[in-house]
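The values are calculated or read from the model by the stated rules, or taken from the named source; none is laboratory data. Note that the coordinates shown come from a computational prediction; the quantities given were computed from them, not determined experimentally. Here the Cβ positions follow ideal geometry from the backbone for every residue, glycine too, while neighbour counts run over all protein chains shown.
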Amino acid sequence: MWRLLGSRRFGALFVTQALGAVNDNLFKNALVVLALYRLAHVGPVVVALAGGVFILPYALFSTVAGQVADKFEKSQVVRLTKWWELGVMGLAALGFLAGNIGALLAVLFGLGVQAAFFSPVKYGILPDLLTEAELVGGNGLIEAGTFLGILAGTVAGGALIVLADGPVVVAAAGLLIAVAGLLAAYWVPRVAVAAPGLRVEWNIVRETNVLVRDARANRPVWLAILGISWFWAMGATVLAELPTVVRDNLRGSGHEVTLLLLVFSVGIGVGSVLCGGLMRGGVSVRLVPWMGLGISLFLLGFAQLARMAGVLPGVHAVLGSAAGWLMLLDLFGLAVCGGIFSVPLYVVCQEKAAPSHRSRMIATNNILNAAAMVVAALVAAGLFAAMGSAPVILVVTAVLNLLVAGALAVRLKN
């Protein structure tokens, strides 16, 4: 599996998408921190808007993105999306230098558009670049690279923007990363066009209905999409509650949040990579329900420890206590299970979808993922307003996940 990283047919795509994940989160977190520190009164509003502004393009453009990826040669689409990213990061540099938060929010929307068009082609091209025996391992590496890129970008964005010349440094870093990603994209090999005769439908509502109907008609793909959507809803909920756990339960600081994000991201990466070995090159979802069970058990343990650990003010306090280490192990365990849970489902989407419709099925998945994350955020906000406790929200999430794992076990058995 590791030899894929050194091959042109996979390595170039891996580098391209990992750098894209770094850049998205470098910019997004730099914007959030800048708003909080420079705009005391409206900073929290900008933070609340940032996630929605980035996700909105998935709802608006995924249907068109899937059609474009199926209609045109995919490596060319990859390069066009990276040119778009470079242009957007140029606008980001101007926005940072001018200190214009409105312009930076528009840039964040532009990065969301780029991500919406890149995702269907990224997953859609993998079966063209890899053999069936390599597909699970390749997806695992892509997933690992994505989460580690998210972590690196998030940490770097927050750290760089608070420097004396932070906006200039972030602007320069964003441009350099975009250039590097664009250069890597030119090494992605050309592949056969999936559906050259496809007529692109620009009516978003109509095409979304068509794609959802097509996905539901393909039972393996539909179940995989539902499973992935739940994974992202659950993961977004857990990540959203970590800062609140640190603030309200551990009485800690941002450094502890970074530690928890590090453990979570590494765990997802480890689980994603392990999946290739566990599947032994084959495509199977037999471990998915068991990993769902593991996620719930580890999440219940983490939530309980968060309630009982007491005050742990600082990374040294977390690492110096048994409760802190147990929390980290639970978080790492649920993340490893999450990686093994999600990778086979992505492979099912790729393998069971018709090659001419593969990218459109990935686009359908993206639409439902975005909807699931929005619903999860609203439910979590309602629970917090009613109960005021992040650990309680995590317990509710773990219980719901048990039900989902059980439902998946029944559906997959049938």
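Sort through 406, 310, 333 and tell me the only one that's outside the structural domain of residue 122 (by TED's automatic domain parsing) and in a loop (DSSP other than H, G, I, E, B). On inspection, the qualifying residue turns out to be 310. Against the condition within 22 Å of residue 34 (Cα to Cα) and in a helix (DSSP H, G or I), how does residue 86 come out, does it pass? Yes; evaluated as a whole, the condition is true for this residue. Looking at this structure, is residue 95 out of contact with any strand residue (DSSP E or B) (no Cβ under 7 Å at 6 or more places or on another chain), crowded, with 18+ Cβ neighbours inside 10 Å and without any contact (Cβ under 8 Å) to a residue 60 or more places away in the chain? Answer is yes for this residue. Selection over segment 98-111 of residues that are crowded, with 24+ Cβ neighbours inside 10 Å and closer than 15 Å to residue 61 by Cβ gives a count of 2.
For residue 201, are the conditions met, namely being touching a Ser or Thr at 6+ places or on another chain (Cβ under 9 Å), of a type in the set (Asp, Glu), assigned to a helix (DSSP H, G or I) and not assigned by TED's automatic domain parsing to the domain that holds residue 354? Criteria not met by residue 201. Scan segment 180-198 and tell me whether some residue there is part of a helix (DSSP H, G or I) and of a type in the set (Val, Ile, Thr). No: segment 180-198 contains no residue that is part of a helix (DSSP H, G or I) and of a type in the set (Val, Ile, Thr).
The residues on offer are 326, 312, 300, and the sole one that is over 22 Å from the mean Cα position of the chain (by Cα), under 17 Å from residue 398 (Cβ atoms) and touching a residue at least 40 places away in the same chain (Cβ under 8 Å) is 300.
Taking (1) out of contact with any Gly (no Cβ under 6 Å at 6 or more places or on another chain); (2) of a type outside the set (D, E, K, R); (3) within 20 Å of residue 7 (Cβ to Cβ) in turn, residue 153 satisfies each apart from (3).
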